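Reviewing the structure listed below.
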There are 2 protein chains.
Amino acid sequence: MSTLATLVNHQIRLAARPVGLPTRDGWSFTEEPITEPQDGGVVVKTLSLSLDPAMRGWMNEGKSYIPPVGIGEVMRAGGVGKIIASKNKDFAVGDFVSGGLGVQEYLQVPADQIKRSGLVKIDLSIGTVNQWLNVLGMPGMTGYFGLMDVGQPKAGETVVVSGAAGAVGQTVGQMAKIKGCRVVGIAGGPAKCEWVVKELGFDACIDYKAGPSAVKDGLKEHCPKGVDVYFDNVGGEILDTVLTRINRSARIIICGAISQYNNTTAVQGPKNYLSLLVNRARMEGIVVFDYAPRYHLAVAEMAGYLKDGRMKSKEDVVVGLNTFPETLINLFNGSNFGKLVLQVAKE
Amino acid sequence: MSTLATLVNHQIRLAARPVGLPTRDGWSFTEEPITEPQDGGVVVKTLSLSLDPAMRGWMNEGKSYIPPVGIGEVMRAGGVGKIIASKNKDFAVGDFVSGGLGVQEYLQVPADQIKRSGLVKIDLSIGTVNQWLNVLGMPGMTGYFGLMDVGQPKAGETVVVSGAAGAVGQTVGQMAKIKGCRVVGIAGGPAKCEWVVKELGFDACIDYKAGPSAVKDGLKEHCPKGVDVYFDNVGGEILDTVLTRINRSARIIICGAISQYNNTTAVQGPKNYLSLLVNRARMEGIVVFDYAPRYHLAVAEMAGYLKDGRMKSKEDVVVGLNTFPETLINLFNGSNFGKLVLQVAKE
C-alpha cells in the first residue's frame, strides 16, 4: 500500500490551557506523515468527529473522570472513520469504525494501543456516519443510560430536559416519550423549540432566551403536575429554577453544566439544593463510559426506533478540519442546532 | 380531677417571622387555663422539649415538607410528657408519651386531634426522658434512616458526618461504627471533637474552627481512602470541601444546612456539585417522617446498643420554659454540646 506514503496527516493540538472560551491561538496546527502499520496495527481515515461540551473540561488541568489532554497533544475527540490499512485480524480495509480518533485526518494505531483507542466496528446499515456520532454514539448512550438507569422514568411522569435540541437532549426527550412520559424541553430560541415539539414530539419546549422568567413561567405552565425527572445538561440558573418545581422523590441527572464550562469565576452552585431535602429528591452524576458493557443493547434498541420512525436525529454538520477552533465555540454560544459534527472527509 | 382547674399553661407563641437569628421580641408569652378533657381527649404535662435546627425552617413562610408555624400559634416542638388527665382508652394517667407537644407547659388534646398530635406511649425502661428526645427520638430516627436507607454504608467504607456532636451526628457516627465503617466527625471546638473520639469511638474528628483549611487538611489526613458517605447537617463551606474528597459512587445525605438557616442572603449552593458528575455520586435529601412506620424497629435496635454499651448519648439540658428564645439560639452559634433539650418540668 505505497499510497500511504503520499498522505499527510493534518492535526490540531492543544497549545495552551484556555481561560474562558477557547480561542484559535490556543491551538497548534501540525502535519505528520502516515506510515505502514506494523503487525497488529491499523490506520484509520477520519470521516466525522463529534464535538461535545465535555471537550471543554478535557482542556482543563486537574483531576476529573479522565485525564486532561496534555499540552502539545492532539486534541481528544470521538469520531467515525474508515480503516485504510490494517495488519490486525479484527479490522479489514474498508471497515467503518468509531473510537477516539482525535482532531486529525488520520489515526495511526499500533497494536498495543488498539484497546485504548476504543476502536469498534460500526454497521452503517442501521445508522449513518453522523447518527453513529449522535443517537447511536456517545451522546445517545449518555442520554439513554442517564435517563433510564439514573432517572428511572415511569410512564405518566413528567421529564424535563435542558439542551433539548442538542445531541443528548434529543435522545433523552424521545426516549422519555417512548417510555410514556410527559416531556418538556428547554432550549434556546424558537427554531429549536419548534423543532423538538413538531419533529421530535416533545409535549412542550421552553425557550430560555424568551425572557428572564421564561423558564419559571414555562415550567409552571407546561409541568402542571411538577417535575419528576430533570436531565440537566446546563447547570446555572436553569438548574436552580427547575429545583423549585420538583416533586417528591424526583431524580435530577447531572450530565453536564455547559453554562459553567467557560466561567472565569467559580462554578455557580445550585442555591436551591435544599429542595432535595424538602422533596426527598436525588441529584446524581453520570459518566457514560461506565455503561460501555451495555452500549450494544442501547444501540440495538434505538436503531430499531430510528428504523420504525419513533426516533429522529438531527446533526449540525460543519465541514473542514481547519474550522475546528471556531466550530467548537458554536457549542457554547448555542448556535449549533442538533448534534454538532465536524466532517473531515467524505466516505 | 379538680386540680386541673388550678393549673395555668404558660405558652410561647411565634409573634413575628424572624429575619436572620430569631430574637426574644419575635415571641409572645401567653397563659391559658387547663380544662378537663372531653370524651377521647387527654391532657399532657410537658417534661422535656426537643430543640432542633429544623425549628428555624418552620418559622419561615413558604412551602416546605410541613406547613410553617402560623403567626400567633404556639411554637411547634417535639417533646416528652406525662398524661395527667385522660378520657381516651389508649392513654392512662401516668403514661409517658412523646409527640408534638409544642413550646408550652401542657398540651390539651381533644379526641379529634389525638392522631395529629402524634402522641405515642414510650417506655422509660429502655431510655431516659432525654434519650427519648435524642437517640430514641426524632434526631436518632433521622440519623438512623438517613444513614442506613439513603447512605447505605458498607463495612470498610469511610463515613463523614458534620455536626458530629449534635443529636443526629452522634447517632450517625455510632451507627456507622457499629456497621464496620471508618468514621470521621466534623465538629466545632476541641471539647466536642475529643468527646466524639474518646467517648463515642469515632476514628477521628475535625475541628472546623481550627483554621480556614482545617476541614480540607483534616479530610486529607483522616480519610486517606476518600469519602464514601457524607451525612451533611451543615451545608455551606463544609459541604463544598467534602465534595472535593468524595469517592466514586459516594452518597451524600442532605439532612440539613444549619450554616444557612439564619442567612439574610441567599443560601450558598454547593459550587463543587459537579464532583457528583465526575464521581458518579449522589446527593439525596431525607425527611424523617417518611420512616414513621419503621421507627419502632430503629428504636428497638438502638435501645439494645444503649443497653449493651455500644451506643452512648449526650444531652445538653437547659432548664426552664422561659429560657426558650435564648436556648434555641445555642443551636446556631454552636454553643450546645450534645442534643439540646429544654427541661420544662421534672417527672
> Within the range B:78-92, can you find the residues that are of a type outside the set (Lys, Arg), part of a loop (DSSP other than H, G, I, E, B) and in contact (Cβ under 8 Å) with a residue 40 or more places away in the chain?
Replying inline: B:78, B:88, B:91
>> As an exercise: evaluate residue B:62 against (1) within 14 Å of chain A (Cβ to nearest Cβ); (2) assigned to a loop (DSSP other than H, G, I, E, B); (3) in contact with a helix residue (DSSP H, G or I) (Cβ under 9 Å, 6 or more places away or on another chain) and give the number of the one condition it does not meet.
In response: (3)
>> Please go through the range A:309-333 and give me each residue that is surrounded by 19 or more Cβ atoms within 10 Å (Cβ to Cβ) and within 19 Å of residue A:208 (Cα to Cα), ordered by number.
In response: A:331
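What do you reckon, is residue A:72 assigned to a loop (DSSP other than H, G, I, E, B) and either in contact with a strand residue (DSSP E or B) (Cβ under 8 Å, 6 or more places away or on another chain) or outside the structural domain of residue A:103 (by TED's automatic domain parsing) (or both)?
Judged against the criteria, residue A:72 is a match.
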>> Which count do you get for residues in the range B:244-266 that are surrounded by fewer than 19 Cβ atoms within 10 Å (Cβ to Cβ) and either at pLDDT below 95 or at the interface with chain A (Cβ under 10 Å from one of its Cβ atoms) (or both)?
In response: 8
>> I need every pair where a residue in the range B:113-124 that is closer than 15 Å to residue B:136 by Cα has its Cβ under 7 Å from the Cβ of a residue that is assigned to a helix (DSSP H, G or I), sequence separation at least 6 or different chains.
In response: B:122/B:132
> Picking from A:167, A:204, which residue would you name as being assigned by TED's automatic domain parsing to the domain that holds residue A:258 and modelled with pLDDT under 95?
Replying inline: A:167
> What are the residues in the range B:283-317 that are within 30 Å of residue B:9 (Cα to Cα) and either without any contact (Cβ under 8 Å) to a residue 40 or more places away in the chain or small (Gly, Ala, Ser) (or both), if any?
Replying inline: B:292, B:316
> How about the range A:273-289: which of its residues are more than 7 Å from chain B (Cβ to nearest Cβ) and either polar (S, T, N, Q) or in contact with a His (Cβ under 6 Å, 6 or more places away or on another chain) (or both)?
Replying inline: A:275
> From the list A:177, A:115, A:121, A:87, which residue is more than 20 Å from residue A:239 (Cβ to Cβ), surrounded by fewer than 24 Cβ atoms within 10 Å (Cβ to Cβ) and in the same structural domain as residue A:223 (by TED's automatic domain parsing)?
Replying inline: A:177
> In the range A:219-238, how many are within 14 Å of chain B (Cβ to nearest Cβ), touching a residue at least 40 places away in the same chain (Cβ under 8 Å) and of a type outside the set (Gly, Ala, Ser)?
Replying inline: 6
>> Every residue in the range A:125-158 that is of a type in the set (S, T, N, Q) and in contact (Cβ under 8 Å) with a residue 40 or more places away in the chain, please.
In response: A:130, A:131, A:134, A:142, A:152, A:158
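The values are calculated or read from the model by the stated rules, or taken from the named source; none is laboratory data. Remember, predicted model here, so these are calculated numbers, not experimental data. FYI the Cβ positions are ideal-geometry reconstructions off the backbone, even for glycines, and counts take in every protein chain you see.
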